[in-house]
Each structure stands twice: as C-alpha cells, then as structure tokens.
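Laboratory data are not the source of any read-out in this text; all were calculated from the coordinates shown. All values derive from a computational prediction rather than experimental measurement. Every residue, glycine as well, gets a Cβ built from its backbone with ideal geometry; the counts of neighbours run over all protein chains shown.
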Amino acid sequence: MLGQDMVAAAQGAGAEVTAVDREHVDITDAAATLAYVRSLNLTAGDVVVNCAAWTAVDAAEEQEAAAFAVNAVGPQNLAHAAALSGARIVQISTDYVFEGHATTPYAEDAAMAPEGAYGRTKAAGEWAVRANNPDHYIVRTAWLYGAGGPNFPKTMARLGGERDVLTVVDDQQGQPTWTVDLADLIVRLVAAGAPSGTYHGTAQGAVTWNGFAKAIMAAAGLTARVDPVSSAAFAAKAPRPSYSVLGHDALRAVGVEPIGEWAQRWAVAAPSVLG
Ligand SMILES: NC(=O)c1ccc[n+]([C@@H]2O[C@H](COP(=O)([O-])OP(=O)(O)OC[C@H]3O[C@@H](n4cnc5c(N)ncnc54)[C@H](OP(=O)(O)O)[C@@H]3O)[C@@H](O)[C@H]2O)c1
C-alpha cells in the first residue's frame, strides 16, 4: 500500500526510481538482497526505502519467527546492502514499538516497550537498521490508509453501505495517516538533507477508531450509525494500544513540516481512497 505511493511521490519529485516487489527480491534472503542492491549500482546520495513488512499484527502472535524474518532480518539485509553501496536506508516503523498506554504523545526518543509480537519484530528492525547503516531514517507511522491496499476506511465504507448500525471501538486513540502524505514526507526529509535519525510520520491530532469511522461515513455520504464499543468486546490475538499518538518534534527541529491534521488530510484523501 505505501510502496505504490512511495514510487509515485519519488517520481513526482524527479527521482529516478526502481521499484521491486517480493516476486523479485525476498528481503529475508541476505544473498539475494545484497546481489539485487549491488545490481542497482547505487552511490552516495541514493536512497533505499523499505516499504516491505509483515503487517499481519494478529498472525504475528503465532508466527513470530516468520514475522521477525521480514520485519527485522529483512531491514538488516537491506540496511547492510545499502551501506555497502554508500546509500541511505529509510525504514518504516510503527507506533506498536511503544507500550501504547500513554496520555501525551510519544517522543521520538521515548523508550520502546512493545506489547505484542508485531511490535517486537518492528522494534528489532529499527535496531538492525541503526546497527547496519549510520545513514538512515527510521520513520514511524500508524493507522495507514491508502488507495493501494485493504484498510480501515475501505472496510468501514463497505460495511456502512450494507448495515444501518456499525459498532466501532472508542477506547483506542491514534492518528489516521494517508500513505500519500507519508510518502511525501519521506521525499521532503530526503530533500531537506535531514540528519540520520528517528522521525514520526503520522498525521497530527488524534481520534478513536469510532471517531474515524464517523468521519468515513460522512465522507462516503453514508447514514449508518456508528455506536461505541470497548476493545474488550473483540477477542483480538495481539494487544492493541489504547493511546499510541506520536509527537513530531524531531521533524520540526530539522525544519521539516509534519503531516497535517488527520481530519483535514482525510477530507483531501477520501475521494481517491474510497474511489
Ligand atoms: N498499515 C498500517 O496501518 C501500518 C501502521 C504502522 C506501520 N506500518 C508500516 O508501514 C509500512 C508499509 O505498510 P503497508 O500497510 O503499506 O504494508 P502492506 O500493504 O502490507 O505491504 C507490505 C509489502 O511487503 C511485501 N513483503 C512481505 N514480505 C516480504 C519479503 N520477505 N520480501 C519482500 N517483500 C515482502 C508484501 O508482499 P506480499 O503482498 O507479496 O506479501 C507487501 O507488498 C510497513 O513497514 C508497516 O510495518 C503500517
């Protein structure tokens, strides 16, 4: 989902882009990843953006080794291969690296304390990138939606067209973030020559899934009622953060404007995401 918009954003910025998917390179295969990156003849100033990940949060609880291979070993292989070419690596990470029960936004340097397997593997991926390539951006994002993948707005819009009443959790707060905005932020970080480090690539503000579902109904012109429900009503395998809102001070400190407020960005994104 992010990869498609990343390619478009980089091309839009005038970069020469090579896009690759799992069919051609399995990032868990160190030798194949190294050979592929070598074949690109990258040099200093070039950037490898890793949009690949194991994103099935609940499945990771039962297949943590497989998730670790993609989310930690894969980034290690890419960071190492990029470093050998003198290129920068951009690793996409997640709010799930945090415990997720704060009351104020997480700073970029807040301690990682993942509660579930997905978060553990993504936290390991961050460290693997830091350890293997000093020239890196770790960009943490959350609640991603975009035209190129299944996601919460598409599911809600479908259900809202089928039912009169939806029940959606109102005890988890986060930052719905458009993949187009995240891709644009990564392009702007690179263009600004921002120093290596950890940045938060989420929209500003915060909302519950319930509040976001209401905004989706409004954008889709649907009249389904959206009732609140507690997370306890859903027996998800992986724990869900109640508050995993991310702060954006590191971006501001390097003169890069964070993504806008979630509701304003959703208003812009909705037509292309919902189709
Ligand atoms: N979606 C969210 O709400 C969210 C929230 C926070 C952070 N993130 C992070 O944001 C990034 C982008 O997420 P997304 O939602 O765009 O992910 P996505 O749509 O699930 O795409 C992940 C891609 O990675 C590929 N992939 C999986 N294993 C691979 C391997 N071994 N080698 C090469 N490619 C492999 C997948 O290929 P197949 O389709 O063939 O499996 C898929 O194309 C990820 O780092 C994710 O952890 C996402």
Antiparallel bridge percentage (DSSP; both residues within the chain; nearest 5): 5
Area projected by the alpha carbon convex hull of the chain, averaged over all directions, nm²: 13.8
For segment 44-49, what does the Karplus curve 6.51 cos²θ - 1.76 cosθ + 1.60, with θ = phi - 60°, yield as ³J(HN,Hα) per residue in whole Hz, taken in order and with x for Gly and Pro? 4, x, 7, 9, 9, 10
Which residues' amide hydrogens lie under 5 Å from the amide hydrogen of ALA113, considering only partners 5 or more residues apart or on another chain, with H built in the peptide plane? PHE98, GLU99
For segment 49-189, using Cα atoms only, the Rg and Dmax in Å read 16.4, 56
Cα-centre dipole for segment 86-155 with unit charges at Cβ (Lys and Arg positive, Asp and Glu negative), debye to 20: 260
Under 5 Å between amide H atoms, partner at least 5 residues away or on a different chain: which partners does VAL229 have, H built in plane at 1.01 Å? VAL168, VAL169, ASP170
Net dipole in debye of the chain [+1 Lys, Arg Cβ; -1 Asp, Glu Cβ; about Cα centre; nearest 20]: 240
Using the Kirkwood radius over Cα pairs of segment 20-73, the Stokes-Einstein translational diffusion coefficient at 37 °C and 0.692 mPa s, in µm²/s and rounded to a whole number, is 263
Would you work out the charge dipole size for segment 1-87 about its Cα centre, treating the Cβ of every Lys and Arg as +1 and the Cβ of every Asp and Glu as -1, and quote it to the nearest 20 debye? 400
Among PHE152, VAL245, LEU40, which residue has its Cα positioned farthest towards the positive end of the charge dipole of the chain, with +1 placed on the Cβ of Lys and Arg, -1 on the Cβ of Asp and Glu, and the dipole taken about the Cα centre? PHE152
Under the Karplus curve 6.51 cos²θ - 1.76 cosθ + 1.60, θ = phi - 60°, whole-Hz ³J(HN,Hα) for segment 239-255, x wherever Gly or Pro sits: x, 10, x, 7, 8, 10, 6, 9, x, 10, 5, 5, 5, 4, 5, 9, x
What ³J(HN,Hα) values, in whole Hz, does the Karplus curve 6.51 cos²θ - 1.76 cosθ + 1.60 give for segment 128-139 when θ = phi - 60°, with x put for Gly and Pro? 4, 5, 4, 6, 9, 8, x, 9, 9, 10, 9, 10
For the chain, what does -39500 (n - 2.57) per DSSP helix run (n ≥ 4), summed and divided by total residues, give at 222 nm, in deg cm²/dmol to the nearest 500? -12500 deg cm²/dmol
Under the rule of at least 5 residues apart or a separate chain, name every residue whose amide H is placed under 5 Å from the amide H of THR198. ILE138
